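The values are calculated or read from the model by the stated rules, or taken from the named source; none is laboratory data. Source: prediction; values computed, not measured. Here Cβ is always computed from backbone atoms with ideal geometry, including for glycine, and neighbour counts include all displayed protein chains. Just so you know, the surface numbers come from the protein's heavy atoms only, side chains and all, with ligands and any DNA or RNA stripped out. Shrake-Rupley method; radii C 1.70, N 1.55, O 1.52, S 1.80 Å.
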Amino acid sequence: MTVIQKKADNPIAHLSAEDIETLGKELDAIRERVIADRGERDAAYIRKVISTQRKLEVSSRVVLLFSLFPPAWLVGTAGLAVAKILENMEIGHNVLHGQWDWMRDPKIHSTAWEWDHATPAEQWKQSHNELHHRYTNVVGKDNDLGYGIMRVDEDQPWHPAYLGQPFYNFLNACFFEYGVAAYDLDLGQKLKNGGHKDPVFRAQLRAAGRKIRRQVLKDYLLFPLLSGPSFFHTMAANFTANLIRNLWSHSVIMCGHFPEGVETFSKTSIEGETRGEWYLRQMLGSANISGSRLMHIMTGNLSYQIEHHLFPDLPSNRYQEIAPEVRALFDRYGLRYTTGSLPRQVFSAWKKVFRLALPNRRRPGVSDDRPNGPATGPSAPRTLATVGA
């Protein structure tokens, strides 16, 4: 089982309530120190990344004007894919988190930025900033956990439909920006329970439709038309660049939320959750990716997913700087800091997708008919909400 409340070897059983709140205060101190230290070097960093991304995109689209020629197609497509990844990951995701609002630059502000993505920025901020980061890895509350289409924990009842979840997940990876738009709208639940008739939802649906239409016209009509005789080659290049961007961003997010060693939580576990317990949930419900500085930039520094979940509003360029301090806290409090190379984490995440597509393995003398609520009785492991009580 991976729902922490039901684990026989509860990874937080050795912590008292006082330990958890002290841990929270130490993490608060790290955050406050970075906030006090934000300044010109941080502003110069994000401006340089934006400038580099824009130059790369423009130059790649110019090269694609001649995409009829195979070398130009390859160079332009590769450059455009990298530009789209940079725009979504290191720029768009982090700007929309408000990481750069302190600069008071209206061009780099969470209230004004609209990104190269199918989902409108305002809808993404609601589902991601307000819901995902509040309910990180809480089964049934966090749509980033399984994207609303997968079984993510052994304690979720198994159904034969889950046999297809490796295929569902692969399709979601290929068209990830549209999958994000769908679960930002909570489309499945709205259609299921009749919420699609709600005027607010219908307005959001129209806004998403307009954004998708703009994206499609831009990539599959406007820029191909500008290429003249290279129309279809440029269209194919844009499709390929979007596919690469989708596969990359899906992989990065899977690595941060789904590898073995990452914990999940039941809804009841967060009732009465304290600041320290919220921090602890971020620490246990996240995983990092090790790699080079370039790889960290290309992931939007979500390779430091643990640090990002702890401090989602800090400038992304600071995560690498504070990671050793955060890891030292893991060691001091006897917690597992889950990290690994990109291939290792991708393999681990997909292994779990396949494992949870199947019914739970029966152990001798143990029934799979487990209750959905937390364990009770004198031998029940402590939860985040009751540890130390």
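Y168 fails exactly one of the following numbered conditions: (1) at pLDDT 90 or above; (2) on the phi > 0 side of the Ramachandran plot. What is the number of that condition?
If we test Y168 against (1) at pLDDT 90 or above; (2) on the phi > 0 side of the Ramachandran plot, just (2) comes out false.
Can you tell which of S292, S266 is open to solvent by 10 Å² or more (accessible area, probe 1.4 Å), among the hydroxyl-bearing types (S, T, Y) and without any contact (Cβ under 8 Å) to a residue 24 or more places away in the chain?
S292
From the list Q126, Q165, pick out the single residue that is in a helix (DSSP H, G or I) and surrounded by 20 or more Cβ atoms within 10 Å (Cβ to Cβ).
Just a single option satisfies the conditions, and that option is Q165.
When K190 is evaluated against the numbered criteria (1) in contact with a His (Cβ under 6 Å, 6 or more places away or on another chain); (2) surrounded by 20 or more Cβ atoms within 10 Å (Cβ to Cβ), which criterion, by number, is the only one it fails?
(2)
Condition check ((1) more than 16 Å from the chain's Cα centre (by Cα); (2) open to solvent by 30 Å² or more (accessible area, probe 1.4 Å)) across all residues:
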residue	(1), (2)
E307	no, no
F311	no, no
N317	yes, no
Q320	yes, yes
E325	yes, yes
F330	yes, no
G334	yes, yes
G340	yes, no
R344	yes, yes
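Check V262 against each of (1) part of a helix (DSSP H, G or I); (2) under 24 Å from F347 (Cβ atoms); (3) of a type in the set (V, I, T) and name the one condition it does not meet.
(1)
Hey, among the residues in the range 144-162 that are in a helix (DSSP H, G or I) and of a type outside the set (S, T, Y), which one's least open to solvent (accessible area, probe 1.4 Å)?
G146
Quick one: is R134 part of a loop (DSSP other than H, G, I, E, B), surrounded by 16 or more Cβ atoms within 10 Å (Cβ to Cβ) and of a type in the set (K, R)?
So R134 fails the test.
Please enumerate the residues belonging to the range 39-94 that are under 25 Å from F232 (Cβ atoms), among the polar types (S, T, N, Q) and open to solvent by 50 Å² or more (accessible area, probe 1.4 Å).
If the condition is that a residue be under 25 Å from F232 (Cβ atoms), among the polar types (S, T, N, Q) and open to solvent by 50 Å² or more (accessible area, probe 1.4 Å), then S59 is the only one that fits.
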